[in-house]
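Please treat every number below as a calculation from the coordinates, not as lab data. Bear in mind that the values here come from a model prediction, so they are computed numbers and not experimental data. FYI the Cβ positions are ideal-geometry reconstructions off the backbone, even for glycines, and counts take in every protein chain you see.
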Amino acid sequence: MQKPMKTNEKLMIRALKGEKTERPPIWLMRQAGRYLPEYRATRKEANGFLDLCYNPELAAEVTFQPIRRFGFDASILFSDILVIPHALGQKVWFEEGTGPKLEALQDAQDIENLTLENLHSHMAPVYETVERLKEGLPEETTLIGFAGAPWTVISYMIEGGSSKDYAKAKSWAFAQPETFQKLVDLVVEATSLYLIEQINRGAETVQIFDSWAGVWPEWALRKWCLEPCKRIIQSIKAVHPDVPVILFPRLVGPSYKTFALESGADALGLDTTLSLQWVREEIQKHVTVQGNLDPLALVAGGKALDQSIDDILSHLSDGPFVFNLGHGIVPQTPIEHVEQMLKRVRGF
Ligand code: 1CP
């Protein structure tokens, strides 16, 4: 998969298309957020978190903040994965301190009541944010659009918020696979249309977050995570064959190989637990890899941080690679540690 040619595309895009780049591009999942004082200030100006997501001026502002401060190679649209259920007609709100809340789906009728009809009108402010970013980002910075994967989004739709064990959502899938499949199909369609429109408006790549993929038996992982993501990627590629897609099937262990071979993604986001040697031998031959610094090593800083970074770079920088975290940055992350990390990755 390693291609020696150097095109005049941006660093991040070249890496996603399978090139071993002169240095690894770097960005961080959740790079806009509460660890930044400027984010906390803008967040106060908005009328709650969802309002921030639907305010193009403020959403663009918080997307620019980490780029101004750190000069990352890529910038991820500021929004949330839960705008999809919201656009389908489900009640969604954010409670300070407790996170996302939804009016949980209870039965097949609740699924019937959801609709794709208002998708694009609901998302109009998000699309406008994408256009503002396209316009305002430095020309070397790659704009990433994103959405949640169907399973991860549906887990919130059925649980009504975050969950430790996904008991309601998984029980529904096991006991009533036909109605669960209907919900998956609807979310696949909505997510495909949403991501394609983000690309139409200026996103240069998109990332699909399957953050809670790692909870299924192998056959169910295929049915409820791999297949839906594969369908979304096929829909995107049918319209935008040259736009690379990143998939983050978190905590799926050895099934990362199945995702590398079968999902159609150009790049896989690695969680923190994978063996780097195994990734180098079994995954990086097939797709670009992105990751996987432990967000808590970034909190710790010092030697633990330097050693973690060196370990990742020494294993993965011989092939197509994007430096990132293995999951989102956490609010208690010291800004100096982000600077320490950037210096080390760029100096490698
Ligand atoms: O300001 C605040 O208090 C809200 C914190 C916050 C932020 C900054 C939430 C609530 N969402 C976001 C933005 C966000 N969410 C982005 C764009 C910003 C960026 O990356 O720079 C992205 C890509 C997401 C994606 C997201 N939201 C995921 C997938 C990624 C992951 O971290 O696994 C998930 C699971 C969510 C749901 C969600 N939204 C917010 C929170 C706190 C959560 C997670 C709740 C949980 O753990 O269940």
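Relative contact order, percent, of the chain when contacts are C-alpha pairs under 8 Å separated by at least 6 residues? Present the calculation step by step, with values, prior to reporting the outcome.
Working: 618 pairs, mean separation 72.0, N = 348.
About 21 percent, as a whole number.
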_Calculated FRET value between Asn200 and Lys44, using beta carbons and R₀ = 41 Å, to 0.05_ = 0.80
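Quick one: which of 329-338, 229-238, 262-271 comes out on top by average Cβ neighbours within 10 Å, and what's the full order, highest first? Intermediate results must be reported in sequence, preceding the final value.
On the way: 329-338: 15.8, 229-238: 18.9, 262-271: 22.8.
The packing order, highest mean first, is 262-271, 229-238, 329-338.
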*Taking Cα centroids, how far is the stretch 300-338 from the stretch 219-277 in Å?*
22
*In sequence order, what are the phi-derived ³J(HN,Hα) couplings for the stretch 170-185 according to the Karplus relation 6.51 cos²θ - 1.76 cosθ + 1.60 with θ = phi - 60°, rounded to whole Hz, with x for glycine and proline?*
5, 4, 4, 4, 6, 7, 10, x, 5, 6, 4, 4, 4, 5, 4, 4
*So, in nm, how far is label Trp219 from label Gln176 when the simple model puts each one 7 Å beyond its Cα toward the Cβ?*
2.2
*Highest GNM mean-square fluctuation, the chain, Cα pairs closer than 10 Å: which of Ser171, Ser75, Ser275?*
Ser171
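Could you work out the helix-only [θ] at 222 nm for the chain, with each DSSP H run of four or more residues adding -39,500 (n - 2.57) and the total divided by the number of residues, to the nearest 500 deg cm²/dmol? The partial results should precede the final answer.
On the way: 16 runs with 165 residues, N = 348.
Taken over the chain, the calculation gives -14000 deg cm²/dmol.
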*When the chain is treated as a GNM, springs tying every alpha-carbon pair under 10 Å, which of Lys303, Lys101, Lys164 comes out with the largest mean-square fluctuation?*
Lys164
*Grab the Cα-Cα distance for Glu117 and Lys303, subtract it from 0.36 nm times how many residues apart they are, and report the gain in nm with one decimal.*
61.7 nm
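Arrange the peptides 78-87, 46-55, 20-29 so that the one whose residues have, on average, the most other Cβ atoms within 10 Å appears first. Write out the running numbers ahead of the final one.
Numbers: 78-87: 22.3, 46-55: 17.5, 20-29: 19.9.
Going by the mean number of other Cβ atoms within 10 Å, highest first, we get 78-87, 20-29, 46-55.
Could you give the semi-axes, largest first, of the ellipsoid that matches the stretch 7-346, computed as the square roots of 5 times the alpha carbon gyration tensor eigenvalues and rounded to whole Å? Please list the in-between numbers first.
Details: eigenvalues 168, 111, 78 Å².
Values for the stretch 7-346, descending: 29, 24, 20 Å.
Pairs Lys182/Lys230; Lys223/Lys285; Lys44/Lys164; Lys101/Lys223: which exceed 19 Å Cα-Cα?
Numbers: Lys182/Lys230 17 Å; Lys223/Lys285 25 Å; Lys44/Lys164 29 Å; Lys101/Lys223 26 Å.
Over 19 Å apart, Cα to Cα: Lys223/Lys285; Lys44/Lys164; Lys101/Lys223.
Report, in debye and to the nearest 20, how large the dipole of the chain comes out about its Cα centre when Lys and Arg carry +1 and Asp and Glu carry -1 on their Cβ.
On the way: 36 positive and 45 negative charges, 152 e Å.
Value, rounded to 20: 740 debye.
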*asked:* Run the numbers for Trp278 and Arg346: contour at 0.36 nm per residue of separation, minus the present Cα-Cα distance, in nm.
replied: 22.0 nm
*What FRET efficiency would be calculated for the residue pair Ala104, Lys164, taking the C-beta separation as r and a Förster radius of 22 Å, to the nearest 0.05?*
0.90
*Can you work out ³J(HN,Hα) from phi for every residue in the stretch 95-107, in order, using Karplus 6.51 cos²θ - 1.76 cosθ + 1.60 and θ = phi - 60°, giving whole Hz and x for Gly and Pro?*
9, 3, x, 10, x, x, 10, 9, 6, 4, 5, 10, 7
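Tell me, in nm to one decimal, what length is gained between Lys237 and Glu135 on full extension, where the rule is 0.36 nm per residue of separation less the Cα-Cα distance? Intermediate values should be presented prior to the final figure.
Working: separation 102, 0.36 × 102 = 36.72 nm, distance 2.43 nm.
Additional length available on full extension: 34.3 nm.
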*Go through the stretch 150-158 residue by residue and turn each phi into a ³J(HN,Hα) via Karplus (6.51, -1.76, 1.60, θ = phi - 60°); whole Hz please, and just put x for glycine and proline.*
x, 4, 4, 5, 5, 4, 5, 5, 8
